[in-house]
Structures are given as C-alpha cells and as structure tokens.
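Report on one structure; see the data block that follows.
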Amino acid sequence: MAQQAETARTERPQATAAPRKRQARGERRMAELLRAAGEVFAQSGYSAATTNAIAARAGVSPGTLYQYFPNKDAIADAVAEQYTTELRAVMDSVLGSAPQGMPLPELLDVIIDPLVAFHIAHPACIVLFVGPDSPQHLTELHLPLHAAMLERIGALLAVLAPQLPAERLQRSAEVAVHMFKGVMPLVLASAPQDRPAYVAELKLTFEGYFGLLLDLP
C-alpha cells in the first residue's frame, strides 16, 4: 500500500506536465499565427489577405490555422485586440506626463520614437484600424484608444501652451494624430536604411507645427 501511494505521488506531477507543455505549444503557435497574420495584412491589405496566405507565412497547414481561428475575421479581431492592448501601453508610457522644461526637439524624440518603433513592429496597425478596406467593427474597436490619444495630446499641449483655449488645443491634437497616421505608411514603406531620414522629416514637421502653436498668444 505504501509503495502504491509513493508511486501515485511521483506520477501525479508527470500527469500534469503534458497538458502544460501542450498549452505552452498552443500559446507559441497562437503568437506565430498572429505575427504572420499581421505581416500578411500589412503586405496585402485586409480584403486581399487570405487564411491560406497567413498559414503559409506561419509555416503551418490551413487545417492547423483553423484549429485556432474559424476564419479571417477572427484572426483580424485577435490581431487588432493585441495591437490595441500593446499600443495603449506605449501611449500611456510616452504621453503619461509632460517632462517639465524639456526642449521641443527632445520631447518629440521621447514621444515619436517609441510610437514609430511600435508601428514598425506591428506593421498591420494602420491597415486594420484606418485602412480603406478595414471592417467597420475594427475601426470602432480603435475609437476608444483614438479618443484617449487625443485627450493625452491635448493635455500635453495644455501644459506646453497654457495660453491657448481648450477648443484650439483639441483641434491641434486632432491634427497631430492625423499627421502621424498620414505619414506612418510612408515610413513603413521605406527601406529600413531610409527610415531614420523619414522619421526625422516627421519630427521636423511636428517641430514646425508645435513650435508655431506654442508661440501663439
């Protein structure tokens, strides 16, 4: 009896090891599929992307992909949710507070560089959220984050230019967000060795716009 009890104790951890390994493999496979889907959406656009192309990019069969996602819409939803969570974290980090006394060019480095790095690492972000063929529900998923970004930028400008009325700060925040989204496709489409030059042009645009804005009476 004692020997049987000891055998049961030694076998019990082994019984749970296999499900944990399968779960870890499943999580890795899920991450691989989401990464591949982001690359395919970025390259082909939402409408032209196919589950076969995503499976091929991930190095799995279509049947394996369907074990995790029933269709392309479900994959896009998962990618969009991941992007939303991660982008909010980046936004909270770079727009959480305005460093006091920091020169405008340095402030733009602090804000723009992490946001550009995020979009380079998540190339389908613009395609899924503001692309011309993006499904309406994905655009709506992005709206709370978009509103939060406008609020954060408006608050930052209020610190930098307290003399400006609230409605002017709100309009300027809207312009700033659309400027960034408008230029990012150009940055992403450029060759890696050319991207720093395009990012520098983006910062120069913001420096000129914000510089004039902060000098307004």
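The values are calculated or read from the model by the stated rules, or taken from the named source; none is laboratory data. These figures come from a predicted structure and were not determined experimentally. Here the Cβ is made from the backbone with ideal geometry for all residues, glycine too, and neighbour counts use every protein chain on show.
Considering only region 123-144, state which residues are of a type in the set (A, V, I, L, M), assigned to a helix (DSSP H, G or I) and buried (at least 16 other Cβ atoms within 10 Å of the Cβ).
I126, V127, L128, V130, L138, L141 - these are the residues of region 123-144 that are of a type in the set (A, V, I, L, M), assigned to a helix (DSSP H, G or I) and buried (at least 16 other Cβ atoms within 10 Å of the Cβ).
Can you tell which of V177, V183 is surrounded by fewer than 16 Cβ atoms within 10 Å (Cβ to Cβ) and either at pLDDT 90 or above or within 30 Å of A37 (Cβ to Cβ) (or both)?
V177
Would a scan of region 46-66 turn up a residue that is under 19 Å from the mean Cα position of the chain (by Cα), within 18 Å of L141 (Cα to Cα) and not in a helix (DSSP H, G or I)?
Yes: region 46-66 contains one or more residues that are under 19 Å from the mean Cα position of the chain (by Cα), within 18 Å of L141 (Cα to Cα) and not in a helix (DSSP H, G or I).
What are the residues in region 69-91 that are of a type outside the set (V, I, T) and free of Cβ contacts under 8 Å to residues at least 40 places away in the same chain, if any?
If the condition is that a residue be of a type outside the set (V, I, T) and free of Cβ contacts under 8 Å to residues at least 40 places away in the same chain, then F69, P70, N71, K72, A74, E86, A89 are the ones that fit.
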